[in-house]
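Presented below is the structure to which this report refers.
The values are calculated or read from the model by the stated rules, or taken from the named source; none is laboratory data. What you are looking at is a predicted structure, and each value in this text was computed from that prediction instead of being measured. Cβ placement follows ideal geometry from the backbone for every residue including glycine, while neighbour counts extend to all protein chains displayed.
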Amino acid sequence: MHQLLQQVFSGLAAGAIYASLALALVMIYRATDLVNFAQGEMAMFSTYIAWTLVNAELPFWAAFVITLAVSFVGGMLIERIVIRPVENAPILTAVVVTIGLLLIFNATAGWIYSYTLQEFPSPFPDRPLFGALMTTRDMGVIAVTLVMLVALFCFFRFTATGLAMRAAAQNPESARLSGINVGRMLALGWGFAAAIGAVAGIMVAPVLFLDPNMMSGVLLYAFTGALLGGITSPVGAVIGGLIVGVTENLVGTYLIASQLKLTVALILIIIVLVFRPNGLFGTAVVRRV
Amino acid sequence: MAESLRVGATAKLGMKAEAAASTAVWRWLGCAVLIAVAIVLPFTLSNYHVFQLTQVMIYAVAVLGLNILTGYNGQISLGHGGFFAAGAYTAAILMHRYGVPYWATLPPAALVCFMLGVLFGLPALRFEGPYLALVTLAMAVAMPQLLKYFDTWTGGQQGITLVKPLPPPGFGIDRDRWLYFFVLVVLLVAMRLAANVLNGRTGRAFVAIRDHPIAAAAMGINTARYKTLAFGISTLFTGVAGALAAIVIGFVAPESFTLFLSLSFLVGSAVGGIATIGGAIVGGFFIEFVPNFANDISDAAPWAIYGLAMLLFMYVMPRGVVGTMGPWLTHAMQEFRSARHAAK
């Protein structure tokens, strides 16, 4: 029982990271109807920025905040420069463009920082908590994710910009008619997604070690989480991410060899898409033909 | 008046038919010249360059498979490296464990990959656009792990080392050149088969489904059947390419079949022209030679160039080199001919 609970908690910590990245994916999907295959590599690149800053003797949390700001601006620039021209292009074009971004980020990181594993400091001490049920590190990851979620919720619920962003995502034409600068809102959406991804990257890097291919597995779990929760639902993405984190940990511990963890994600994705394509909380997409 | 009009119209029609016929002649001639060059070329190059050209052709077969699915049928696959791996391992296991001669491994590899493709295509019927891309991406990411896991068959991390096949006795050419011609024949057969499928009823059904699935269904096309078929045919080609790679390189290991292999197929496809047959060859050249030139700059440079090429082609030349140049060439030739006609 103790071991089971341990696994559940460490699954929750991993799930919190997946949930963050899934949330980033959902934000972009809602804003621009795009599945952003480059999300993981964007997060990885942000993490390298944080690593550079920490290595330059900056205090961890200062580096954290600066990284978030840089990522935010970077995300907005990507939307403006790379995504805007293909906004109304066929899906294939959009997929190829985000894949192109994935390759560029991956290669640039490899170019600048090389492909060797780097150690990334954790801001949280590694001590057992609640009778060794979980570690302070897991607790810290979960806490950071929770704070971020609450902040995002407040932003979208209580600020004018948040409202405008929701309007722009839901109905761009009407939003534009009521005077909202939809283009700017989409760029903001990408900025937020990039910053959320950066949080996920920084949280996961102490566990996985930092290298340019660090995020491919994490992105896969995040996709699974987003699909499970429903790719149109932010709440769903968070819950889906947590479920995937716990499932991954339990299945890896009790059912099959942990070398097949990624295959579990593949199977989960197929099951969700076949039996419940809109996920747990998503709304069915109705299209006029 | 009416009479002369009709004569004029007939003359014009005749000219069009003549032009079409002569375009076809030119096309055949062009193909013949290209094939002649392909036959002579290996005798003028070093062994290493011959090996590289063999690789180009293998990539071309793989990209051709992807073009059938993604270009003609509109189903996006980011996981064709997985089917390439399946073909490679089928060939390797048959050769290594059962002593099957290398040329005889192609049909089983084709069959295995066709069936895998159909199996994968069935659930894929429910996934549209980005979702299929996602599922196939998941497959590509999971592939190396799977290959390592079934190590009794795949040799695990170490992979399988094969003996490179020798040319049949009395041929008077060395191994690299023999493999070159072996792959060349497979490529030509593959392109011919692809052209037959795509220019016929099946190909038109593929394109109709891509352009407007509902209209296609309304016209009596069995959408599910043709989409699954497109998947199977596509993976068949890519699987054969994988088998060729195993034979020519003489080695298979899980780490050769990562997500990046699948993505490089997509790059080749986008560069050559995603809904073309000839574009696959341009794509093959791109995949093979860009890393060669770029590796001097940095390990990572090839991938950076792949990524940039993807963006650039999508913005500037979304139909790829062949998709853009092909119609342009035909048009230029017709202009030239009608100008000459007018001069007469």
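If the condition is being within 14 Å of chain B (Cβ to nearest Cβ), part of a loop (DSSP other than H, G, I, E, B) and closer than 18 Å to A:Leu34 by Cα, then the range A:209-267 contributes A:Gly230, A:Ile231, A:Thr232.
Selection of the range B:288-344 for residues being more than 9 Å from chain A (Cβ to nearest Cβ), touching a helix residue (DSSP H, G or I) at 6+ places or on another chain (Cβ under 7 Å), part of a helix (DSSP H, G or I) and not charged (D, E, K, R) yields B:Val290, B:Pro291, B:Ala294, B:Gly320, B:Val321, B:Val322, B:Gly323, B:Thr330, B:Met333, B:Gln334, B:His341. In this structure, B:Leu66 qualifies as in contact with a Phe, Trp or Tyr (Cβ under 7 Å, 6 or more places away or on another chain), crowded, with 24+ Cβ neighbours inside 10 Å and within 14 Å of chain A (Cβ to nearest Cβ).
Could you grab me the full set of residues in the range B:146-191 that are within 14 Å of chain A (Cβ to nearest Cβ) and among the aliphatic types (A, V, I, L, M)? Selection gives B:Leu146, B:Leu147.
Might you check whether a residue that is in contact with a Pro (Cβ under 6 Å, 6 or more places away or on another chain) and either surrounded by 15 or more Cβ atoms within 10 Å (Cβ to Cβ) or within 18 Å of B:Gly272 (Cα to Cα) (or both) occurs anywhere in the range B:292-311? Checking the range B:292-311: at least one residue is in contact with a Pro (Cβ under 6 Å, 6 or more places away or on another chain) and either surrounded by 15 or more Cβ atoms within 10 Å (Cβ to Cβ) or within 18 Å of B:Gly272 (Cα to Cα) (or both). Scanning the range B:234-251 for residues that are surrounded by fewer than 24 Cβ atoms within 10 Å (Cβ to Cβ) and part of a helix (DSSP H, G or I) returns B:Val248, B:Ile249.
If you go through the range A:106-157 and keep only what is among the basic types (Lys, Arg) and at pLDDT 85 or above, you end up with just A:Arg157. Does the range A:126-139 contain any residue that is in a helix (DSSP H, G or I) and among the aliphatic types (A, V, I, L, M)? The answer is yes; a qualifying residue exists.
So, in the range B:228-248, exactly how many residues are among the aromatic types (Phe, Trp, Tyr) and over 13 Å from the mean Cα position of the chain (by Cα)?
1
Restricting the range B:113-136 to residues that are more than 8 Å from every other protein chain (Cβ to nearest Cβ) and β-branched (Val, Ile, Thr) leaves a set whose member that is surrounded by the fewest Cβ atoms within 10 Å (Cβ to Cβ) is B:Val118. Of the helices (runs of 4 or more DSSP H) that lie entirely inside the range A:1-79, those containing 1 or more residues that are under 30 Å from A:Leu255 (Cα atoms) and away from chain B (no Cβ under 14 Å) span A:2-32. When A:Gly179, A:Gly230, A:Gly236 are checked against the criterion of being surrounded by 24 or more Cβ atoms within 10 Å (Cβ to Cβ) and on the phi > 0 side of the Ramachandran plot, a single residue qualifies: A:Gly230. Among all residues of the range B:198-214, there is at least one that is touching a residue at least 24 places away in the same chain (Cβ under 8 Å), within 10 Å of chain A (Cβ to nearest Cβ) and in a helix (DSSP H, G or I).
Restricting attention to the range A:100-121, does a residue exist that is among the hydrophobic types (A, V, I, L, M, F, W, C), surrounded by 14 or more Cβ atoms within 10 Å (Cβ to Cβ), more than 8 Å from chain B (Cβ to nearest Cβ) and touching a strand residue (DSSP E or B) at 6+ places or on another chain (Cβ under 6 Å)? Yes, some residue in the range A:100-121 is among the hydrophobic types (A, V, I, L, M, F, W, C), surrounded by 14 or more Cβ atoms within 10 Å (Cβ to Cβ), more than 8 Å from chain B (Cβ to nearest Cβ) and touching a strand residue (DSSP E or B) at 6+ places or on another chain (Cβ under 6 Å).
Taking into account only those residues within the range A:80-99 that are among the β-branched types (Val, Ile, Thr) and within 15 Å of B:Ala309 (Cα to Cα), which is farthest from the other protein chains (Cβ to nearest Cβ)?
A:Thr98
In the range B:108-118, is there at least one residue being of a type in the set (Phe, Trp, Tyr) and not in a helix (DSSP H, G or I)?
Looking through the range B:108-118, none of the residues is of a type in the set (Phe, Trp, Tyr) and not in a helix (DSSP H, G or I).
The single condition from (1) surrounded by fewer than 18 Cβ atoms within 10 Å (Cβ to Cβ); (2) hydrophobic (A, V, I, L, M, F, W, C); (3) within 17 Å of the chain's Cα centre (by Cα) that A:Leu210 fails is (1). Screening A:Met44 with (1) crowded, with 22+ Cβ neighbours inside 10 Å; (2) closer than 27 Å to A:Arg127 by Cβ; (3) not small (Gly, Ala, Ser) gives one miss only, at (2).
Of B:Ala86, B:Ala142, B:Ala92, all but one fail to be part of a helix (DSSP H, G or I), more than 29 Å from B:Ala216 (Cβ to Cβ) and without any contact (Cβ under 8 Å) to a residue 40 or more places away in the chain; the exception is B:Ala142.
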